[in-house]
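What follows draws every value from the coordinates through simple rules; no lab data is involved. From a predicted model like this one, the values you see are computed outputs, not experimental measurements. Quick reminder, even Gly has a Cβ in these numbers, built from the backbone with ideal geometry, and neighbours come from all protein chains shown.
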Amino acid sequence: MIAELGHFTLILALLAALAQSFFGLAGPAMDRPSWTSTVRPAVWVQFLVTTLSLGALVTAFVNNDFSVEYVAANSNSALPLLYRVSAVWGAHEGSLLLWAWILVAWTLAVALLSRSLPEPFAARVLGVLGLISVGFLAFTLFTSNPFLRLDPAAPDGRDLNPLLQDPALAVHPPMLYAGYVGLAVAFAFACAAMIEGRLDQAWARWTRPWTTVAWAFLSIGIALGSWWAYYELGWGGYWFWDPVENASFMPWLVGTALIHSLAVTEKRGLFKSWTLLLAIMAFSLSLLGTFLVRSGVLVSVHSFAADPARGMFILAFLVIIIGGALTLYAWRAPLLRSEAGFEFTSRESFLLFNNILLVVAAAAVFVGTMAPLISDALGLGTLSVGRQYFDPVFLLPSLPLVALAAVGIHSGWKKGRLSDRRQSILLALLAGVLLTLVLVLGVWEGAKILTPIGFALGLWLMLSALIDPIDRWRRKLSMTRAVIGMAIAHLGLGLFVVSITAVESYTRERDLALAVGESGRVDEFEYRLEGLSTVEGPNYDALRGEVRVFENGKQVGLLYPEKRNYWVQRQMMTEAGIEMQIGRDIFVALGEDLGAGRWSVRAQVRPLINYVWFAAFLMALGGVIAATDRRYRSRPEPAA
Amino acid sequence: MTPRQRRITLVVGILAGVAVAGALTLSAFRENVMFFFDPSQVAGGEAPIEQRFRLGGMVKPGSVDRVAGSLEMSFVVTDFQQDVRVVYSGVVPDLFRENQGVVAHGRLGTDGVFVADEILAKHDENYMPPEVARAIKEKHGGVMPVNPDVRSVPRT
């Protein structure tokens, strides 16, 4: 019964989304206020029925209803409750439903918080969001329905992929989707502005907080995924340039460019058509990410489906949305002309370079991600692109970007007046260089070419980000959330650069072959396998090692890596043993039985690796603080 | 400089920068892509010697050989027509198994032995690297050798 309710409400949701997009777009166009005012009720209806539909699927999972095919394929009666819930989005069908629900949740938020917007404009925004809802709901309903019955019912389920049975991965998809889908709001604002043919500074002020919050969600989602890959896949790195990682990273890069370009459009009324283009690109890349991940074109941990019908559907949807938006852009963008000029050292030109570098970086990632697909499709041979390509082409635009940020955050609008901050900036640079020398010569020894550059740039940006808040605090000037948020986000970026530099430069790693009682050396660290025992979990049994780690003879860690065997899927899984310390992670993963009583062991010591994710969190936090600045909340909106 | 000249300089500078970035990206791309070869292509001399590439196929049953208690190992990658011996030192992935798909990154030596520095196995029971699946499909008369017992929901 509950599955049928879910199916039925899903159909209702599609109808509500159709009504929402029709009234939202046709109402203002044909000047019928009664149609226009129907949009918000339609959003409410769509939200309620989509919530019921998602709730029905969650209930089916919680109650172990194995007469539903999707539940039978992705859950098991022995699965703990948390993972029964997260299994809802553990595979293709349910994750699409979650996507559709998050989209309607964002839409409802827009509907509730857009009372101050001119009515026709708000209706158009909601109408465009409705169109996207129609696409996703139809996709779910016609190609990926999670409510299909299995007759006769399965006695028990096939279990959730053990890789996904993890707390970080339970929250990773909702966060990532909240980011992806949030960019749809910026996209809808851009489309509404193009339909009206008007784009002013008030428009940018409405769009900015939405975009920044979406970007913050995306940052958290990517960081969670990266953290999970670190400890769950047992490889020990934080980023692998996997096509699916890139699929989420490209919208992030363009989204970052967008939030900076929106700042220029809000404050100075410049970069209008560029901002629109970025809004279209950011959401298009989110959709492309979905296409790449869900269509089975890319094969990795994330791609659930390999169904050509689904691929064609997403591709068609992609063409309609991106093609439609770009056509609208080509037709309307010439109407939006910027008048004002700016000087070379002004904030505008720093942000212009920020945008160029970010888009160049995104393009380089795009080339590397798409090339294997295109080469394959054209029959030019099967090739793959790895970090040998991505590392240099990404660093090339990124390092100047960090330097630009360290200076640019102090530049003034219109006319560059760096002179009053020049001393502080140079002082920060000097302090950054001195600290770099301490790190390279004192704390860690030895360095690669990029090590001092990375440290110096990162530290410079961190110190530079603090200048403005400290200066305001000393002079007792107002400390707005915009100022605090910006400082925290850029502090986070600086910390990100410093920690990645440390990880890349000073990681110690080696694969060892150890028998119980034996120890092996990884530079100054000694790993000793103290014992092996068998343990049992709720739906697996595991071999657990006990590993003591010594640094120069002194014990610095006691780790319990596991090799789990999940019963239902008969899958072996590595559960790495990780000890987080203030300045580093001590990591060990158990490999396989090598015979002669020995086991292979992957031993690593990675300095500052936790700060990589903490830094991503700081950036997101900065974004959220800046997005809640007072000027977005209380100022009465002038008519557009 | 007049504002107009300054703007032109700015635009030209940006275009030049983007062009340089594009050229560097392309050259990095040309130098760093890795091609995929299956054992038949390797046997046919299509694969480069002493240059990194991806070798993919199935791990031949009974071919995994290791000195007991050591990280050194070797195995044979096959596409059911030709075989290539692979040597590797280190931890292999959880799903590395005989008669399963595998992709190895490394270099082919003049002795015809592939020295791998990285081994990738499929992520779950039902997945096979697509290029491996295709290579095997072509060689195997369109029949995919899959493990039948884990494929579908028990429908009884």
Original post:
Where in the stretch A:162-183 does the label zone of A:Leu82 land, with the point 7 angstrom along Cα→C-beta and an amide N cut-off under 11 Å?
Top reply: A:165-171
Original post:
Out of A:Tyr230, A:Asn161, A:Tyr329, whose Cα points farthest toward the positive end of the dipole of the protein assembly as shown (charges: +1 Lys, Arg; -1 Asp, Glu; placed on Cβ)?
Top reply: A:Tyr329
**OP:** Tell me the label-point distance for the pair A:Trp444, A:Trp473, using the 7 Å Cα-to-Cβ offset, in nm and rounded to one decimal.
**Re:** 2.9 nm
Original post:
Among A:Arg510, A:Arg387, which comes first, then next, by fewest other beta-carbon atoms within 10 Å?
Top reply: A:Arg387, A:Arg510
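Please order A:Thr143, A:Thr369, A:Thr290, B:Thr2 by the number of other Cβ within 10 Å, starting at the fewest.
Numbers: A:Thr143 18, A:Thr369 24, A:Thr290 21, B:Thr2 7.
Ascending number of Cβ neighbours within 10 Å: B:Thr2, A:Thr143, A:Thr290, A:Thr369.
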Subject >> Nearest-0.05 FRET efficiency for B:Glu50 and A:Val319, computed from C-beta distance (R0 45 Å) >> reply: 0.55
Subject >> Pairwise label distance in nanometres, A:Leu558 with A:Glu536, each label 7 Å out on the Cα-Cβ vector >> reply: 2.6 nm
Original post:
If r is the Cβ-Cβ distance from B:Asp65 to A:Asp391 and R0 is 35 Å, what FRET efficiency results, to the nearest 0.05?
Top reply: 0.50
Original post:
What base-10 log of the normalised intensity I(q)/I(0) is obtained for the stretch A:348-392 from the Debye formula, alpha carbons as equal point scatterers, at q = 0.20, 0.27, 0.28 Å⁻¹?
Top reply: -0.68, -0.91, -0.94
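Order by neighbour count: A:Ile320, A:Ile102, fewest other Cβ atoms within 10 Å first, most last. Each step should come with its number before you reach the end.
On the way: A:Ile320 12, A:Ile102 25.
In order of increasing Cβ crowding within 10 Å: A:Ile320, A:Ile102.
Just list whichever of A:Lys414/A:Lys448; A:Lys448/A:Lys563; A:Lys563/B:Lys60 have alpha carbons separated by over 28 Å in the model shown.
On the way: A:Lys414/A:Lys448 40 Å; A:Lys448/A:Lys563 35 Å; A:Lys563/B:Lys60 25 Å.
Checking Cα-Cα distances, A:Lys414/A:Lys448; A:Lys448/A:Lys563 exceed 28 Å.
Given an 8 Å cut-off on Cα distances and at least 6 residues of separation, report the relative contact order of chain A as a percent. Please list the in-between numbers first.
Details: 1183 pairs, mean separation 76.8, N = 640.
The normalised contact order for chain A reaches 12 percent.
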Original post:
Just the Cα atoms of the stretch A:521-563: what Rg and Dmax do they give in Å?
Top reply: 12.6, 40
Original post:
Taking the convex hull of the alpha carbon atoms in the protein assembly as shown, what volume per residue do you get, in Å³?
Top reply: 175 Å³
Original post:
Given only helices, namely DSSP H runs of n ≥ 4 each adding -39500 (n - 2.57), what is the per-residue ellipticity at 222 nm of the protein assembly as shown, to the nearest 500 deg cm²/dmol?
Top reply: -19000 deg cm²/dmol
Original post:
What FRET efficiency comes out for the pair A:Thr327/A:Arg198, r = Cβ-Cβ distance, R0 = 30 Å, nearest 0.05?
Top reply: 0.95
Subject >> Dipole magnitude of the stretch A:306-391, debye to nearest 20 (Cβ charges: Lys/Arg +1, Asp/Glu -1, about Cα centre) >> reply: 140 debye
Original post:
Which shape class applies to the stretch A:123-195: rounded if a/c is under 1.5, otherwise prolate when a/b exceeds b/c and oblate if not, where a ≥ b ≥ c are the square roots of the Cα gyration tensor eigenvalues?
Top reply: oblate
**OP:** Among A:Pro243, A:Pro452, A:Ala73, pick out the residue whose Cα is farthest towards the positive end of the charge dipole of chain A, where Lys and Arg carry +1 and Asp and Glu carry -1 on C-beta, about the Cα centre.
**Re:** A:Pro452
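Any chance you could run the full-extension gain for A:Glu551 through A:Thr480? It's 0.36 nm times the residue separation minus the Cα-Cα distance, nm to one decimal.
Numbers: separation 71, 0.36 × 71 = 25.56 nm, distance 4.66 nm.
Contour length minus the Cα-Cα distance gives 20.9 nm.
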